[in-house]
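The values are calculated or read from the model by the stated rules, or taken from the named source; none is laboratory data. Just so you know, these numbers come straight off a predicted model, no measurement behind them. We place every Cβ from the backbone using ideal geometry, glycine too, and count neighbours over all the protein chains shown.
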Amino acid sequence: MVCQHVPVKICCRRLGMNGDLKGYIVSDCDAVAIIHENQTYTSSDEDSVAIVLKAGMDVNCGSFLIRHTKSAIEKGKIQEEDINHALYNLFSVQLRLGLFEKASENQWFTRLGPSNVCTKEHRELAAEAVRQGTVLLKNDDSFLPLKRSEVSHIAMIGAAANDAYIMGGDYTGAPCDPITFLKGMQAFVPQTTVAGGCKNVSCDSTDGFGEAIEAAKRADIVVVIAGLNLTQETEDLDRVTLLLPGKQQDLVNIIASVTKKPIVLVITGGGPVDVSFAKQDTRIASVLWIGYPGEVGGQVLPEILFGEYNPGGKLPITWYPESFTAVPMTDMNMRADPLRGYPGRTYRFYTGDAVYGFGYGLSYTKYSYNFLQGPNRISLSHSPVPGLISRKPAYTRRDGLDYVQVEDIASCESLVFSVHISVANDGAMDGSHAVLLFARSKSRVPGFPLKQLVGFERVYTAAGRSTNMEIKVDPCKHMSAANTEGRRVLLLGSHHLMVGDEVHEFVIEA
């Protein structure tokens, strides 16, 4: 369990001091050091050691305790029993793992070595992660997938096209034989040429545009790799714009103006990018977000472009427009406030325009959905559990709203229900995709979520066939929301369950 940059007394005591945690509590890296050095919460390094150990922290990520614990003992800030408590938790876990026993067949981790790294199975798992994670954002006139028989020459444009460094995100380990986008494409189309266009991802100059233009003119198909890498976003490097870095957008536009056919734009990086220009430009037929695809990302991209894999990923975040950067990053209010022009944050509350919304993603086929089974009514007072609601009266009415506080529901488990959904593949290509089930109150109550995700599952469906799936919904957990006082409440009345364009309406009553 990790205690990060939150009050150590709150985190550690709640988690470990009541005896329920059968493990140990570790700090985030450098989190103990900043208590004195940056936050000045304590008056000395030794006081920081004392406060975290007495609060229940067992292991420090970093060297802070190594450097200052002895001094803390000498100054009487901590006692031997404080250290013993931490050691007891740490060694209890190691003993349960059998780390001090003779290696046996049950201790598979003691036999791991270099031969277990970079295996075929590992690389296939990495490839499958890229396949499932890539999101198709635009595909005008079904431009993709490409047909190999119709493509003899591809040009790959962009500083990341032949750069293995781009593949890994923050805290990435050393990759095993990374496959660049260029190398992967050449396995599909031997005549694949590359031109950076930009010297690097920052793209501060147009000096390489000419070479890229000439390469694009000669090719049958042009793929532009744009987006971000670790020179633009890391743990300690914030972006100040949501636009493509430097002159990347200029490069995309000029390449799109000289090609024989519309281009394919591939976006790298971990954060949202305002690509509104590409969304609206008919010269850019398709847009994919591939994130940080890892060591085999270059292998997977042509698999997707040529239809060996049918993309079915969904965006895990909202892609905001550049105008969203005017919202102060220190304003962490979730709910929108029209009186001060504040649009809110996250898909649950954001009321502004989005480039692409949370959960958005296309496929090479067409899916449709049908609710097969779901409740029409949930009655709290007629539950099989006696005294389901402890509060009398059973619900509260305030500001014209009827609701019950979740803490007053004695058995949330008794309210759990299943939703059965039929997923039909109405297209001509087999595929899997993430099916997302959302819920919202029909009345769209101010201050409550516009919608919220209650469940998801990846479902494979053959072309022309349908697949049935089930998602369990816990109203207390999935359909409640915090009110302005910070208490979780479950609104009474009509609610909607939504998947795709389909809506199932039901009522929760006291």
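Quick check, is ASP204 more than 26 Å from ALA174 (Cβ to Cβ) and either crowded, with 23+ Cβ neighbours inside 10 Å or not aliphatic (A, V, I, L, M) (or both)? Answer is yes for this residue.
Just one of the listed residues (ALA155, ALA161, ALA127) is over 26 Å from LEU244 (Cβ atoms) and in contact with a helix residue (DSSP H, G or I) (Cβ under 7 Å, 6 or more places away or on another chain), and it is ALA127.
Just one of the listed residues (VAL406, VAL423) is within 13 Å of LEU380 (Cβ to Cβ) and touching a strand residue (DSSP E or B) at 6+ places or on another chain (Cβ under 6 Å), and it is VAL406. Apart from one condition, GLU308 fits all of (1) more than 17 Å from the chain's Cα centre (by Cα); (2) buried (at least 17 other Cβ atoms within 10 Å of the Cβ); the exception is (2).
For (1) over 26 Å from SER422 (Cβ atoms); (2) of a type outside the set (Val, Ile, Thr); (3) in a loop (DSSP other than H, G, I, E, B); (4) over 25 Å from the mean Cα position of the chain (by Cα), each residue gets a yes or a no:
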site	(1), (2), (3), (4)
ALA434	no, yes, no, no
SER443	yes, yes, yes, yes
PRO446	yes, yes, yes, yes
TYR460	no, yes, no, no
THR467	no, no, no, yes
LYS472	no, yes, no, no
HIS478	no, yes, no, no
SER494	no, yes, no, yes
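Within the stretch 407-433, the only residue that satisfies the criterion of being over 18 Å from GLY374 (Cα atoms), among the aliphatic types (A, V, I, L, M) and crowded, with 18+ Cβ neighbours inside 10 Å is ILE409.
Results for (1) under 16 Å from GLY158 (Cα atoms); (2) part of a helix (DSSP H, G or I); (3) of a type in the set (Gly, Ala, Ser); (4) touching a Leu at 6+ places or on another chain (Cβ under 8 Å), shown as yes or no for each residue.
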| position | (1), (2), (3), (4) |
| --- | --- |
| LYS217 | yes, yes, no, no |
| VAL223 | yes, no, no, yes |
| GLN249 | yes, yes, no, yes |
| LYS261 | no, no, no, no |
| LEU265 | yes, no, no, yes |
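Checked against the criteria, VAL503 does not count as surrounded by 14 or more Cβ atoms within 10 Å (Cβ to Cβ), aliphatic (A, V, I, L, M) and either within 21 Å of TYR369 (Cβ to Cβ) or in contact with a Leu (Cβ under 7 Å, 6 or more places away or on another chain) (or both). The helices (runs of 4 or more DSSP H) found entirely in the stretch 1-62 that carry 2 or more residues being over 27 Å from the mean Cα position of the chain (by Cα), at pLDDT 95 or above and over 14 Å from ASP82 (Cβ atoms) are 33-37. Within the stretch 148-165, is even one residue part of a helix (DSSP H, G or I) and in contact with a Leu (Cβ under 6 Å, 6 or more places away or on another chain)? No: zero hits.
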